[in-house]
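Read through the structure below, which is laid out as structure tokens, and then see the notes.
The values are calculated or read from the model by the stated rules, or taken from the named source; none is laboratory data. Small disclaimer: the values here were computed from a predicted structure and weren't measured. Neighbour counts are summed over all protein chains in view; Cβ atoms, including those assigned to glycine, are modelled from backbone coordinates with ideal geometry. We work out accessible area using only protein heavy atoms, side chains counted, and drop any ligands, DNA or RNA first. Shrake-Rupley method; radii C 1.70, N 1.55, O 1.52, S 1.80 Å.
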Amino acid sequence: MKKVMIRFVIFLLILSATPMTAGAAPSKLDMTHYGAPEELLTPLTDAISIFNGAVGTENGKPVMYTTTKGLPAQLNVIDIQSEKLLRVIPLEGAENTWAHEVLPNGDLYIATIGGGAKLWKYTPGSDQAEVVATFPGESFPFAITSD
């Protein structure tokens, strides 16, 4: 009897190890098809970084200008009194900045890194910024100033 029981257990083990796919209906997973991968934005690899900012005026109201790190970097215009984000302007081809400077006429200049050092100009109220200078061979403009 003991031998019969051992043989039966061995038979069950062999039977359970044998795949039984013949004639089995495909599972839901087998019938699931996915399209081509969709490229999203570059994921943040760390916390959102803001290294610098400047204060200016738009439409008679005090605003803060700051740029968040990313691909692309994003210039943020924030109403200081209401603490509301007024606009976000992508700085295409830039990754980050450590330098903002507001000139006496109100224009904002931003020195960016990523894709080479660039100097950007933003005019208050505009919905875009423009590259006004590039610095071949340079990659990290840490500070700018005006006189």
Quick one: 3J(HN,Hα) in Hz for segment 63-70, Karplus 6.51/-1.76/1.60 with θ = phi - 60°, rounded, Gly and Pro as x. 10, 10, 10, 8, 10, 8, 5, x
Directionally averaged shadow of the chain, computed from the convex hull of its alpha-carbon atoms, nm²: 19.0 nm²
How big is the charge dipole of the chain about its Cα centre, in debye rounded to the nearest 20, if each Lys and Arg gets +1 on its Cβ and each Asp and Glu gets -1 on its Cβ? 1400 debye
For a Förster distance of 22 Å, can you work out the FRET efficiency between the beta-carbons of residue 64 and residue 140, rounded to the nearest 0.05? 0.40
List, in order, the whole-Hz ³J(HN,Hα) value for each residue of segment 53-58 obtained from phi through the Karplus relation with A = 6.51, B = -1.76, C = 1.60 and θ = phi - 60°; use x for Gly and Pro. x, 8, 10, x, 10, 9
Amide H of residue 114 versus every other amide H placed in the peptide plane: which residues, excluding those fewer than 5 positions away on the same chain, fall under 5 Å? 95
Starting from the amide H of residue 58, placed 1.01 Å from N in the peptide plane, find each other amide H under 5 Å away whose residue is 5 or more places distant or on another chain. 63
Within segment 42-137, how many Lys pairs sit with Cα atoms under 20 Å apart, leaving out pairs fewer than 8 places apart on the same chain? 5
Treat each spin label as a single point 7 Å out from the Cα along the C-beta direction, and report the residue 107 to residue 32 distance in nm. 5.5 nm
Can you pull the percent of segment 68-110's accessible area that's carbon plus sulfur, 1.4 Å probe, other chains left in place? 53 percent
Extension reserve of the residue 14-residue 83 stretch, reckoned as 0.36 nm per residue once the Cα distance is removed: 17.8 nm
Long-range amide H partners of residue 50, meaning residues 5 or more apart or on another chain whose placed amide H is closer than 5 Å, are none
Compare the Cα positions of 10, 122, 59 along the charge dipole of the chain (+1 at Cβ of Lys, Arg; -1 at Cβ of Asp, Glu; about the Cα centre) and return the one farthest towards the positive end. 10
